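In what follows, a structure is listed as structure tokens, so that the remarks can point back to it.
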Amino acid sequence: MLLIVIVIAGALMGFMYGNMTDGFIFDKNICLFAGLTLIMPSLFKFKLRDTMLVWEYRSVLFKGFIINYLLLPIFALVIGFITNDFGITAGLFLLAVLSGGGMVMHWIKRSNADTSLGFLLLFINLVFVSLSLLMLHLFATYSAGHFGVTYDEKITISRFVEPVITLLIVIPFLASRVVLLIKPLLTWIETYSKFISRISIFIILFYLFGLQSSQQLIDIYDFEPELFFIALIAVAVFYLLVLIVSKLIYNLDSPQERAAFWQSITRYITLALVLSTFSASTFGVSMLLPIMFSYLVQIPLSVVISNRYMTDV
């Protein structure tokens, strides 16, 4: 509940700040801030020897790959085409191809799943961000005509691959190796990790919703207010399908498959919000809507799943 309050407060306060001032101009260093505060702490317990688990649990990884990079994108496309809005479809698709997230390890630990495999899956999903962006680029290339819009090759999402990988994967990983050598700093970060992550989420949301581009949401509300309702319903249906397919495919009696289950249920919302801000001018500001509403759906859903399905494992 506290996290939901933080999310809503950060978004609303940032939006109000942008509305009352000239707003922020986007700076890609927000990705570096997100990488160091949200991603780096999750890499502390990742050890290179954990890569051996890839072969040992290859069937679990295969299931996760099929769900996260085949089934969920298909769900997003079907729902998106029904909405008939390019931005909403792009936002759903981005959620579909970004697995894991800052809270995924919390749910993995709470359900007594395999944390070693969980950290490995989280790291693999970060590495696959480049694949996610490529898939988003291909989606836009081949679907723009269906929505009657133009996907400008000069501003394609593919140009963001290098800075995203550098700021969200390479630097956080190298920083985590350095912090591991400084025990007092490591202890401090681990002690206050929950506080750090919540403050970080608030700052990121305040900044992103305070951007000049985010103020265009007012235009959507003025001229197409129904898109807010459509996006909310689309997100709810998407997560319902995610839950159904994940429960059918994963064996929740297995600690390893429970870890993979959470990597499918939990989408990397904050990363999706950062990336969508990069590309709102390409896909339209309505791209932000499903990602905004995913905060309101994913967090309560995770609580319900943890309490209802994980209490006996």
If I take every Cα pair under 8 Å that is 6 or more residues apart in the chain, average their sequence separation and divide by the length, what percent do I get for the relative contact order?
37 percent
The stretch 246-284 scanned against label point 7 Å out from Ser59 along Cα→C-beta; backbone N under 14 Å for 249-258
Built amide H within the under 5 Å cut-off of Phe24, gap 5+
Leu211, Gln212
Report the normalised scattering of the chain as log10 I(q)/I(0) at q = 0.09 Å⁻¹, calculated by the Debye formula with identical scatterers on the alpha carbons.
-0.43
Mean ellipticity per residue at 222 nm, deg cm²/dmol - from DSSP H runs of n ≥ 4 across the chain, formula -39500 (n - 2.57)
-21500 deg cm²/dmol
For the chain, find the longest principal axis of its Cα atoms and tell me its angle to the long axis of helix 255-265, 0 to 90°, nearest 10.
10 degrees
Taking the full set of protein chains and a 1.4 angstrom probe, give the accessible area of Met52 in square angstrom, rounded to the nearest 10.
140 Å²
Grab every C-alpha pair in the stretch 162-229, bin the distances at 10 angstrom width from 0 up to the longest one, and report whole percents.
17, 26, 29, 16, 10, 1
Taking the Cα centroid of the stretch 192-265 and of the stretch 51-93, what is the distance between the two, rounded to the nearest whole Å?
14 Å
Extension gain from Met13 to Ile25, taking 0.36 nm per residue of separation minus the Cα-Cα distance:
2.7 nm
Students often get this wrong: which residues of the stretch 7-42 have the backbone nitrogen under 15 Å from the point 7 angstrom along Cα-to-C-beta of Lys109?
38-42
Carbon and sulfur atoms account, in whole percent of the 1.4 Å probe accessible area of the chain, for 67 percent
On average, how much accessible surface per residue is there in the stretch 184-313, in Å², for a 1.4 Å probe, leaving out ligands, DNA and RNA?
41 Å²
If I take R0 = 30 Å and measure r between the Cβ atoms of Tyr142 and Phe223 in this structure, what FRET efficiency does the formula 1/(1 + (r/R0)^6) give, to the nearest 0.05?
0.60
Per residue, how many Å² of accessible area does the stretch 1-129 show with a 1.4 Å probe?
45 Å²
Modelled label-to-label distance, Leu240 and Arg177, 7 Å Cα→beta-carbon offset: nm?
4.7 nm
The chain: angle of helix 226-249 to the longest principal axis, Cα-based, in degrees nearest 10
30 degrees
As a test of reading the structure, rank Glu226, Glu162 by solvent-accessible area (1.4 Å probe, protein chains only), most first.
Glu162, Glu226
Crossing angle, helix 115-127 versus the chain [Cα axis fit, 0-90 degrees, rounded to tens]:
40 degrees
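The values are calculated or read from the model by the stated rules, or taken from the named source; none is laboratory data. Bear in mind that the values here come from a model prediction, so they are computed numbers and not experimental data. Positions of Cβ are backbone-derived with ideal geometry, glycine not excepted, and every protein chain shown enters the neighbour counts. We work out accessible area using only protein heavy atoms, side chains counted, and drop any ligands, DNA or RNA first. Shrake-Rupley method; radii C 1.70, N 1.55, O 1.52, S 1.80 Å.
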